[in-house]
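J.: Structure in structure tokens, see below.
What follows is calculated from the coordinates using simple rules that are stated; it is not laboratory data. Keep in mind the model is a prediction, meaning the values are calculated, not measured. A quick note on method: Cβ atoms are made from the backbone with ideal geometry, for glycine too, and the neighbour counts reach across all protein chains shown.
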Amino acid sequence: MCVLITGGAGFIGSTLADKLLLVGKKVVVLDNFNDYYDPSLKERNIACNLNNPNYRLYRGDVCDQQIMEQILNENDIEAVVHIAASAGVRASIENPEKFVIANILGTLNVLERMKNKGIKKLIFASSSSVYGNCVAEKFSEDLKVSEPISPYAATKSACEQMIYSYSFLYNIHSVCLRFFTVYGPRQRPDLAIRKFVDLIEAGKPIPVFGDGNTKRDYTYIDDIVDGVCAAIEYDKTPYEIINLGGDHPIVLNEMIEIIEKQIGKKSTREVLPSQKGDVDKTISDITKAKNLLNYHPQISFKEGIKRFLSWRDEQNNGL
């Protein structure tokens, strides 16, 4: 099988590419290497695969019709994992137009090119942010998601609906995976865990927005990738929305304490007002993922932080 991964040089996409190559798949990657964060980090993510005959890289934007057509004409793509997107809740509030273009129009371009080429398998990287400030004890896929509190969340919800339309009209078998706060090796530098580790080790204060009692369902990257791989193989129904979470939410204050213990250094906290667009909690109900994908997250948060710190030490030592 040959799989196209859009956004395949980033955190999740590059880790997925490694796993697919390991199990014998052919991988084609599209990434625009934008400057949202240091592009050299993406270059580092993919360096190990550039000489692999089963790996092919295209540098370009997912909104570009020509490069999408080129990729699909030059490769026998059987499945598309669409991860490419503008990321960041706060950034979407500052520049909503960018997010509409990259996320909604980019997804439309993927769907149109798949329709024209007759490709029938799509995995879409959605987000737990679509649930907004949901009051339910756990977030299940049948909850209403019509009240997103950021443009980022709104674009992800809109993409899920558009993908349903194309699944219905053109028989594109689609799985929309709602990721819950993914962390681990290759994590973006703007995300909380990596940012906190860097600041604590540098002896600088970490920004804590609100009272520290927000709760997140942190999910280790290897568990997420296992769920994506299972979704690629899933063929029982034409369209599904499925949560991929860690199944053990962590309060922000507890998260900081765990990092402090793993590093062996206390933090200094800069308490700031709550940020617009940030949800109070994310708590995944992964019953559906267990039933349909045999998804069972394996990595505890403490173990995940330990693995992340080991990877970071290797990176800092040039290994």
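J.: Using 19 Å as the cut-off for backbone N distance, which residues of region 226-255 belong to the label zone defined by a point 7 Å from the Cα of residue 117 along Cα→Cβ?
T.: 232-233
J.: Which of 172, 5, 103 sits closest to the plus end of the dipole of the chain, meaning its Cα is farthest towards the positive end, when Lys and Arg get +1 and Asp and Glu get -1 on the C-beta?
T.: Sorting the options by dipole projection puts first 5.
J.: Right, another one. For region 111-185 and region 1-65, compute the distance between their C-alpha centroids and round to whole Å.
T.: Spelled out, the Cα-based centre of one part sits 21 Å from the other.
J.: Report, in whole Å, the centroid distance computed from the Cα atoms of region 280-319 and region 223-239.
T.: So the two Cα centres are separated by 17 Å.
J.: Same structure again: Placing unit charges on C-beta atoms (Lys and Arg positive, Asp and Glu negative, everything else neutral), compute the dipole magnitude of the chain about its Cα centre in debye, rounded to 20.
T.: Dipole magnitude for the chain comes out near 260 debye.
J.: With a cut-off of 12 Å, note down the residues of region 271-285 whose backbone N falls inside the zone around a label point 7 Å from the Cα of residue 195 toward its beta carbon.
T.: Answer for this model: 272, 275-276, 278.
J.: Just tell me which aspartates and glutamates come within less than 15 Å, Cα to Cα, of residue 115; anything on the same chain fewer than 8 places away is out.
T.: Within the straight-line limit of under 15 Å, residue 115 reaches these aspartates and glutamates: 69, 76, 78.
J.: For a 29 Å ceiling on Cα separation, which of these pairs sit above it: 215/288; 204/281; 195/215; 42/236; 42/204? Before the final figure, lay out each step's value.
T.: Working: 215/288 22 Å; 204/281 26 Å; 195/215 17 Å; 42/236 35 Å; 42/204 26 Å.
Table pairs above 29 Å Cα-Cα are 42/236.
J.: Which residues' amide hydrogens lie under 5 Å from the amide hydrogen of residue 209, considering only partners 5 or more residues apart or on another chain, with H built in the peptide plane?
T.: It is 272, by chain and number.
J.: What does the charge count around residue 294 come to, taking other residues whose C-beta lies under 13 Å from its C-beta (Lys +1, Arg +1, Asp -1, Glu -1)?
T.: Details: positive: 236, 288, 290; negative: 223, 226, 233.
That sum, taken over residues with Cβ under 13 Å, equals 0.
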